[in-house]
1. With the condition being over 23 Å from PRO427 (Cβ atoms) and among the aliphatic types (A, V, I, L, M), I'd like the strands (runs of 3 or more DSSP E) fully within the range 864-967 carrying at least 1 qualifying residues.
2. Pick out, from the range 60-119, the strands (runs of 3 or more DSSP E) lying fully within it that include 2 or more residues that are among the charged types (D, E, K, R).
3. Would you mind finding the one in PRO791, PRO803 that is crowded, with 23+ Cβ neighbours inside 10 Å, part of a strand (DSSP E or B) and touching an Asp or Glu at 6+ places or on another chain (Cβ under 9 Å)?
4. Any residue in the range 110-117 that is without any contact (Cβ under 8 Å) to a residue 24 or more places away in the chain and aliphatic (A, V, I, L, M)?
5. Which of (1) free of Cβ contacts under 8 Å to residues at least 24 places away in the same chain; (2) among the small types (Gly, Ala, Ser); (3) surrounded by 11 or more Cβ atoms within 10 Å (Cβ to Cβ) is the odd one out, the single condition SER1015 does not satisfy?
6. Need pairs with beta-carbon distance below 9 Å; first residue at positive phi and in the same structural domain as TYR694 (by TED's automatic domain parsing) and within the range 704-733, second outside any strand (DSSP E or B) and among the aromatic types (Phe, Trp, Tyr); sequence gap 6+ or separate chains.
7. In the range 157-186, which residues are among the β-branched types (Val, Ile, Thr) and in contact (Cβ under 8 Å) with a residue 12 or more places away in the chain?
8. How many of the residues in the range 668-697 are over 30 Å from LYS205 (Cβ atoms) and touching a residue at least 24 places away in the same chain (Cβ under 8 Å)?
Amino acid sequence: MLRKVSALLVLALLVSLTFTNIATLVEASSNQPKVALVKLWEISHTTYMAKFIGEDYVAVFEGHGDVSLDWKYIGTVYSGRNVWIYKISTGELIAQLTTDTDDSWGDTWEVKSWEPFQAVKVWDRFGFFSADSKRMIEDVRFVGTDARVVDTTSWTTIPIDWGFTDTDGTHFYAVQLDYSGSTLVVGYIYASKLLVFKYDSAQGKYVKVFEHTESGYYGRRLQMTLDGNIILVGGIDYGYLDIFKYDKSVGNYTRVVHYELPDAGGLGALGISDPSNVGYIIGGTKNGWVVIAHYDPDTDEFKVIYQNKEAPDDSWLYNPFYERWIPKVTEVFALCSHRDSSRPGYGIVYDVVTNQTIVIHFADAGTPSWKAAAVSPGANYVFIGNALYMVVRRDPQSGNPRVRLWGTFAYNRFLQDLSAKVVFKPPNADWHLYFMSGRVTVSKIYTQSIPVTLTNDPDILMGKLGRLYSRGLVTAVKLVENSGYVSELDLSPQEMPGTGFTVDQCVVMSSLYVVQSLYGWDGHGFGGATVSSGTIITIPLSAPVNVYSDIRLSQSIAVVTVAPIFDWKKELLGVAGIPLLAGVSYATGKALASRAAQIAVAKAVAWGIARTGTTIDAVTAVSAAKSALAIGSKLLTVVGVGLIVDAGLGIVSKYVTYSSVRSFILVMPIVEDSAGNKYSAVVLVLPLDEISNYAGEYSDHVSKLKNILGLKDVGIVFVEHGKTWKEYKALLEAGRLPTIDLKSAIETTIATKYGLSMDELKITSVKIVVETLIHGWSNLWDYVWGGLKVPVITVMAGSSIQPKATVAGGKVYTDPSIIASLLGSVKINGVEYALTAGIEGAYADFSLNGSQQLVIEFGKSGYFGTITVSADVLVKKEFTKLGDYGYECVFHYDWKDVLIRLTRVEFVDMPYPLVFAERMFIYKYGNFTHDITAAMNLNSTTDDPNSPTGKRYVYVTVKNTKFLDPANGAMLQPCKKFIFRYYYRTPPDVSLLLYLNGTSLTSTLAQHATVVLNSTAEQDVSFMVVFSLKKLENLREVTLLTESFTDTVHLEANATALKAFNISSYVSQAIELMKKEGVPVFLEITAKIVSAEYDYI
C-alpha cells in the first residue's frame, strides 16, 4: 500500500499539465498495421501554414510564410500579421513575430536563437527561400512584377526581366527557387501561365527561358527539384497534373507527364517527398480527392499509388503549399482542407508503408480559418488544422505485446579520426534498439597535408564522357566565326569499334566549317579567317580555393581531330590530324583516328562535299601530327593551363589555300564569390614571340568564353614557354610544362581586381575546353560559291578524370561551408549522404527506419574532427505473461557509456485494455514503485482476430516521461533496471496493515501492535516486524534498541490473518529513558511483507 501511495503523490505532480482529448479518427479499412496519431495540443488562432523547425519547434503562420531550410530566416506576409513559434513537447508559445503596418509586403527576420528566442528584422518584405538559403524571391502574390530576388548574403536585390508589367499581385501565386537560386519558377494565374527564369550572371539579372500556357488557375501550385530540372505544376480549375523536365537536346523544358486528375476542380495542394528526384507526389484536389503518385526522372515513369475521395465536395484540400519540405524519414504525408465559415476541416495523413490514410474531421464549418498541414523532418509529428499530433510509428516486430521506449541518442567526440569508422552497436541482450533517423554534424576539422580527390562521382572518375553528356556535362558550342562560320554542329555519344571504348566513354563532335576570307594569314595570333567550335567538359566541384596548396587535374582523355580537305570536284586533297593520346597507346590512337576519319568521310558525303566511296586510312589521319603523340599524356593535367597544338599541315593548290588546323586546349577553373558571381583564371602557355606580338588577340579570344560560360570575368596570365613555335613544340614533346600557380593567377587577376577575399572564393567546377580552330582562306572560286567547306571531326574517349588537390596541413576550420567542401559526404550504414553547411557545422541528415547498428564513415585520411551524432532511437522489450491478469516487462539497460533521453513510452499491441499499470525503478540506492496508469493514454484500437478480445490496444504517454526516472530526467543510463507491469484485471495480491490497539479516550498507553494481512489468493505469507527505541539528540535520531520478529502465516483466498504483539515493555522502557535522560524517546514499529507468491500491487 505504501508503494501505491507514493506513486499517487508523483502523479499529482504530473497531471498539472493538461492535454486535449484525442480526435476521432476515421480510418480506411485494412488488415495491415499502420501508424497512429496522438493529439498533443491545439490552438485557437488562425492557421494558414505551418513549418517544422526540426523536431523541437513548429512555426504557425497567419498568412503566406517560410522558414529557410537552415532555420536561419523566417518571414511572413501582409500588414500586422503573425508568426507563432511553439515548442512541440509542451505546446508552449515561445515567440510571436508580427509584421509592420506600413505596407502589405510582410517582413523577414534572421533568427539568432530559437530558445530563448531572439530574432532581428533583416528585410522589409517577405519571400520564399532557395534551398541553400542564400537567395529569396519576394512574394509575387503581393507585389507582382515588382518582385525581386534578394541575395541574403549581402541583402541586395537582383532584378527579374519579366518581359511584361503587372503589379497586381493577385494575378500571381506560386513561386519557387532551386537549390542555389539560379532557377526561378512562377505561376502567373491571371494568364494561366508557368514562367521559368534563369539567372544570367553576365547580365546580372534573371531572364525568362520558358513559358507554358494552359487554363484555370494554372501555376497556383508548383514544386521544383533542387537542380531546377523538373517542375510539377497544377492549379484550381485545371484538371491535370503536369510534369516538365529539362531536355538537354533542345535546351529547354518539355512536358513529360500530363495526368488527368479524378477531379476537374484541379489541385489545391501539391508536394513532393524528395526535392532531389521528386519521389512521391502528394496531391489534394478542390473536391476532396487525395492523389499519391511516384515519378522516376530516369525513366519518366509516372505511377499513381493511391487515389481516393477523402473529404466532401468543395472542401478544398489546401496544404501542402509550395514552400520546401525535405524529410529525413519518408513515412507519412499530411494534407489539410480549407476550413472556414463555409467549409469543414478535414486532415488526411497518408501512411507510405501501408498505402492507407487516416482521416481526421477536426472541425465543422466556422471561424477562425484553419488549413495548415506539415510533417516534421523525422516524421515524428504532424500539424493538421489547428493541432499538433504525435505519430506512433511501427517497429520492426509488430504483433507481440511489448514496451517501446522512444528517445534521442547523443554522441560527441572532440578529436575523431575521420579515416576510421565510428560504429554504434548495442550489446547482445534481451532488449533491442533500432536507429530510426538522425543527424551527423562536424563543427570543426583539423588537417594534415594530404592529397585528396575532389569528387567521388564515378562517371567523372572513370572518364565516362558519354554518360556525362547524357547528364548535360559535355556540350558543344560555336566559338569563333571570323570571316567564316560553323554551318553544322553536332555532339553525340558513339561506340568506337576496335578501340575498346564503349558508348558510355566516347563523344564525337561533328562540325562543318565554312572559310570565306580571301586574305592571307601568317600562322600567328587569330588573324585572317578563323572558324572554331569546341567541346566543353564540365567537372562539378565544390572546393574552397584557399584550403588547398595546389589543385590538379589528372586525366586520361584521348582527343583525336581529323579535318579532311576536298576541292570543288569533291576530291580529297589532304588531311589534318591532331591526336592527343592521353592515357592510350599509339595503336589505340591510330584506331580512334581511323574511326574519326570514317565519320569525317560519312559526314562529308552527307553534307555534299565529298564523293561517295571516298576513304581515308588511319596512317594518313595521324601522319600530319606525329609529334603531338608525345605530348598528349601531360597536356591536360594542370588546372588553369591553356595550350595551342598545331597540326602542322599546309595545303596550297590552285583550288584552295589552307594553312592550319589547331587545337586550343583550356583547363579552366570556375570560381564563385559569396555573392554568386562566377569567374575563371587561365594561364596561357605560349612562345615568347607569340606573346609579344599577339597577346591582345589571345586575350580577346579567351574572353569570348565569358558569355558562353556565364562568367563575370576571365583573368588571363601569359607564361613564356620557349621563344619560337619550334622551341615551344620541342618543349612540349619533351613533356615539359612551366609551373602553373593557379592560386596566384586567381588572386592577381580576379580577387585583387574585384576586392575579393581569397577565403570567400570556391571552385565550383573545372571546364575542359577542347577547341578546334581552322585558319586560312579560300580561293576566289570557293569564295564565289559561299566559301571553303571543311568537315572537322573530334573524337574524345575518356578513361579517367580525377581532380586532385593537396590540403594545406596544420589548419583548423570551423566554417561549415569549408568543412562541407573538404569532407564532401559521409556514409551512414553504407549509404552516402552529402554534407550541407548549417548553423552549427556541416551536417548530413539520415534515415535508417530500424537499423540495429549505426556505422559512420567519412573515409578521409589526414582529417580529425569534432563530431556530434544525434539519432532518434526505439528501444523495445517484449512483455511476458503474468498469470491471467497481466503482463510484465523486466528491462535492464546495460549499454556502457551510452545515454538515451526518453521522449515517450508506449505499450503496444496489448490484447486487453489497461486497468492498472505500474513502474518499478531498481537502482543501487533502492527500489521505487509508482502507479503510472494516469500517464498512459489509450491511443488506438484495431481489430485482430488472433487476439483473445478480438482487439489490439496501444497506450502512449502524452505527458512528460520524467516519471520513469525523476532524478535524471527520464534518461536511460547503464545499470538501471525498470519493471513495467500492465494489468488488464485486478491481480491476486496481499496487503499488510499495522494497528495499535488498547488505546481509547480513557486509556493512557498502547498495549498491543497488531499486523493484519489480507490476501486475494490462497498462499503462505512471510512478514517481519521491527521494534526500535529511539531518542532525539540535537534533532538527530539515535537508535537505542532494535528487535525484530519474523513469521509465516497461511491464508485462504480472500481471507484475513491477524498477529498481535505485546508492546507494553517497549512503552515502559521509553518512558523510563525519557525521564532519565530528559530528551524525547519514542517507539517506532515497522512491518513489511518479506515474501508472498502473489504480491503485485
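The values are calculated or read from the model by the stated rules, or taken from the named source; none is laboratory data. Note that the structure is predicted; figures quoted are calculated from it, not measured. Virtual Cβ from ideal backbone geometry, glycine too; neighbours counted across all protein chains shown.
1. Working: elements: 880-882, 886-893, 900-910, 916-923, 926-931, 936-943, 951-957.
Passing ranges, in order: 880-882, 900-910, 916-923, 936-943, 951-957.
2. Because the criterion is at least 2 residues that are among the charged types (D, E, K, R), the strands (runs of 3 or more DSSP E) in the range 60-119 that meet it are 107-114.
3. Working: PRO803 fails: touching an Asp or Glu at 6+ places or on another chain (Cβ under 9 Å).
It is PRO791.
4. Taking the range 110-117 first, the residues without any contact (Cβ under 8 Å) to a residue 24 or more places away in the chain are 112-113, 116.
If we keep only those that are aliphatic (A, V, I, L, M) too, we end up with none.
Within the range 110-117 (the criterion being without any contact (Cβ under 8 Å) to a residue 24 or more places away in the chain and aliphatic (A, V, I, L, M)), the answer is no, since none of the residues qualifies.
5. So the condition that SER1015 fails would be (1).
6. From the range 704-733, the pairs are GLY722/TYR728.
7. Just the residues of the range 157-186 that are among the β-branched types (Val, Ile, Thr), to begin with: 157-158, 160, 165, 167, 170, 175, 183, 185-186.
ILE158, ILE160, THR165, THR167, THR170, VAL175, THR183, VAL185, VAL186 - these are the residues of the range 157-186 that are among the β-branched types (Val, Ile, Thr) and in contact (Cβ under 8 Å) with a residue 12 or more places away in the chain.
8. Total meeting the criteria: 12.
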